[in-house]
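Undergrad: Before I ask anything, here is the structure I am working with.
The values are calculated or read from the model by the stated rules, or taken from the named source; none is laboratory data. This one's a predicted model, so the numbers in the text were calculated from it and none came from an experiment. Neighbour counts are summed over all protein chains in view; Cβ atoms, including those assigned to glycine, are modelled from backbone coordinates with ideal geometry.
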Amino acid sequence: MAANSTPQKPFEGEQSLSEHNIHVSLTYDSLDATKAMNRVKSGEAGAVVLFAGCTRSTFHSKTVTHLAYSTYPPLALRTLLSIAKDVKAKHELVGISISHRLGRVDIGEESVIIAVSAPHRKAGWLAGEECLEHVKERVEIWKEEWFEDGGVWRSNRDGAVGVPVVES
């Protein structure tokens, strides 16, 4: 994909999977923190924790122009659901929602939103952090990081070395 091109969208709207108080989704649209929080709120929960991962303007002193994410949705959704189920059970959460953006994500926009609800705040904080780490480690979503002088494919982990994107 060229730095100025618009990625092709294989689907419109949102693709998602849901089970009891668990929701995972992929979308090319902007993410909605309020919607994520409303999915997990409950009278049983004394805490709702929200994490929003945003595109930053620099990486190792280089100016970032945007990110671009791609995936095979059925596979990524199954992995997201597996992570959500595991984290919900381990931390005895009331609810969990994970939404990941695909396609171009400009500076300041959210790439991922994770919302969890729990009876008490400590479980919520721990679950949110653990969920994010598992998403970065396991979900089959590939990231291109674009700079003023070109792009690199980067693993979805902080600080990992990138491989230059070759224009075809």
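Undergrad: Does the range 46-58 hold any residues that are under 12 Å from Gly95 (Cβ atoms) and in contact with a His (Cβ under 9 Å, 6 or more places away or on another chain), and which are they?
TA: If the condition is that a residue be under 12 Å from Gly95 (Cβ atoms) and in contact with a His (Cβ under 9 Å, 6 or more places away or on another chain), then Ala47 is the only one that fits.
Undergrad: Could you identify the single residue in Gly108, Gly124, Gly151, Gly128 that is within 19 Å of Ser70 (Cβ to Cβ) and either modelled with pLDDT of 95 or more or buried (at least 21 other Cβ atoms within 10 Å of the Cβ) (or both)?
TA: Exactly one residue qualifies, and that residue is Gly151.
Undergrad: In the range 9-64, which residue that is among the β-branched types (Val, Ile, Thr) and more than 13 Å from the chain's Cα centre (by Cα) is surrounded by the most Cβ atoms within 10 Å (Cβ to Cβ)?
TA: Val40
Undergrad: Which condition does Ala89 not pass, out of (1) more than 30 Å from Gly150 (Cα to Cα); (2) touching a residue at least 24 places away in the same chain (Cβ under 8 Å), if it passes all the others?
TA: (2)
Undergrad: Exactly one condition in (1) crowded, with 17+ Cβ neighbours inside 10 Å; (2) among the β-branched types (Val, Ile, Thr); (3) closer than 17 Å to Tyr28 by Cα is false for Val87; which is it?
TA: (3)
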